[in-house]
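Structure first, then comments.
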Amino acid sequence: MSTEIEHVECLIIGSGPAGYTAAIYAARADLKPILYTGMEMGGQLTQTTDVDNFPGYPNGIMGPEMMEDFKNQAERFGTQVRFGYVSSVDFSAKPHKVVVDEMKTLTADTVIIATGAKAKWLGLPSEQQYNGFGVSACAVCDGFFFKGQKVAIVGAGDTAAEEATYLAKLCEKVYMLVRRDEFRASKAMVHRVLNTPNIEVIYNTEAQEILGNGKNVKGVRVINNQTQQESELEVDGFFVAIGHKPNTEIFKDWLDMDETGYLITQPGSTKTNIEGVFACGDVQDSYYRQAITAAGSGCMAALDAERYLAALND
Ligand code: NDP
């Protein structure tokens, strides 16, 4: 472990839309932010192809390219973007301590957490093969590409129910694969699903393999886990909606979280339970989970950090 300790006014953890937007605002406020990217530089958007719902890109943009734009904009105002992952934190005293790559310790007056969340996947090799080419974990992001087509969605929680009804408005047919004989989703959501004529719920059924032509999804082989009977569904899109996992493991000794691990912020702000530590983006939002809402909350976090620092110096 290096003995050198670097001090920063504003340390940002995470390089998705929330982290980079926080960096743009913090840099323009002269907080001289340092941003650690994490292992997946650019976050979840680097795993998508076209992004058509982010305002300002009238012709759409590829996810990785958009994140490069965010990064360039943050750097233009002086953000130091560093590749590295924060391996531990110590929020017991001020300034806050942050260890990077298990080697380098920094102290920070303010820490903005924008470490995001990961979609859970089924773990099928074919799911990986067609990810971004017919396989998606976000109906709101990618449903549009399957307008008038047939799709399948896996999951039985509120997210799956909501996404299935969203897809049903765009697609000719939505097969909903539910692994048990009942939903986990709330009654109201289930009611909505069951009353949508072009959603066909298939109970006790799991996806075995996503079928394609090497380029695009063409179907899915499913198995009934009661009868072991296999069958194939012809679909162009395959959506996975089995939950998300926020990247909060390193904060569990310090920050308040809900039962799934999402950080809890004070309503209407990005403040966590520790003074000077702010959270923005998907790491504290299990509900909207959009690039634009993450970016918006990144802006809020930088403003909250700036005001916190200003109050300290009053
Ligand atoms: P949940 O954990 O609630 O549900 C996950 C679903 O995925 C479950 O039905 C589960 O099945 C299923 N699942 C998990 N693994 C597999 C697998 N390998 N194969 C097949 N199915 C699988 O996650 P959600 O994202 O739906 O919701 C997260 C939280 O956010 C919840 O508290 C929810 O209420 C909330 N939410 C609320 C909304 C609203 O109020 N409008 C909208 C979206 C989310 P099983 O049931 O068999 O375990």
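Remark: pairs (first residue in the stretch 118-133, free of Cβ contacts under 8 Å to residues at least 40 places away in the same chain; second residue within 9 Å of the ligand (Cβ to nearest atom) and of a type outside the set (Gly, Ala, Ser); Cβ separation under 9 Å; 6+ apart in sequence or on different chains) = Gln128/Trp121.
This table checks each residue for (1) out of contact with any Asp or Glu (no Cβ under 9 Å at 6 or more places or on another chain); (2) away from the ligand (no atom under 15 Å from the Cβ); (3) not aliphatic (A, V, I, L, M).
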position	(1), (2), (3)
Glu206	yes, no, yes
Thr227	yes, yes, yes
Phe238	no, no, yes
Ile242	yes, no, no
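Remark: pairs (first residue in the stretch 50-61, among the acidic types (Asp, Glu); second residue in a loop (DSSP other than H, G, I, E, B); Cβ separation under 8 Å; 6+ apart in sequence or on different chains) = Asp50/Gly60; Asp52/Gly60. With a requirement of 1 or more residues that are more than 20 Å from the chain's Cα centre (by Cα), crowded, with 21+ Cβ neighbours inside 10 Å and not β-branched (Val, Ile, Thr), the strands (runs of 3 or more DSSP E) lying completely within the stretch 1-101 that satisfy it span 5-13, 96-100.
Within the stretch 163-180, can you find the residues that are within 12 Å of the ligand (Cβ to nearest atom) and either crowded, with 20+ Cβ neighbours inside 10 Å or in contact (Cβ under 8 Å) with a residue 40 or more places away in the chain (or both)? I'd like the intermediate steps shown before the answer.
Looking only at the stretch 163-180, we keep the residues that are within 12 Å of the ligand (Cβ to nearest atom), and these are 163-166, 176-180.
Scanning the stretch 163-180 gives Glu163, Ala164, Met176, Leu177, Val178, Arg179.
Scanning the stretch 102-130 for residues that are within 16 Å of the ligand (Cβ to nearest atom), part of a loop (DSSP other than H, G, I, E, B) and touching a helix residue (DSSP H, G or I) at 6+ places or on another chain (Cβ under 8 Å) returns Gly116, Trp121. Kindly list the number of the only condition in (1) at pLDDT 95 or above; (2) in contact with a Lys or Arg (Cβ under 8 Å, 6 or more places away or on another chain) that fails for Cys138. In the conditions (1) at pLDDT 95 or above; (2) in contact with a Lys or Arg (Cβ under 8 Å, 6 or more places away or on another chain), Cys138 misses (1) alone.
The criterion of at least 2 residues that are within 23 Å of the chain's Cα centre (by Cα) and touching a residue at least 40 places away in the same chain (Cβ under 8 Å) is met, among strands (runs of 3 or more DSSP E) falling completely within the stretch 206-314, by 237-240, 244-246, 277-279.
Given the residues Phe133, Phe146, Phe54, which is the only one that is at pLDDT below 95, among the aromatic types (Phe, Trp, Tyr) and touching a helix residue (DSSP H, G or I) at 6+ places or on another chain (Cβ under 9 Å)? Show your work before the answer.
On the way: Phe133 fails: touching a helix residue (DSSP H, G or I) at 6+ places or on another chain (Cβ under 9 Å); Phe146 fails: at pLDDT below 95.
Unique residue meeting the criteria: Phe54.
The values are calculated or read from the model by the stated rules, or taken from the named source; none is laboratory data. Values in this document were obtained by computation on a predicted structure and should not be read as measured data. Note: ideal-geometry Cβ built from the backbone for every residue, glycine included; neighbour counts use all protein chains shown.
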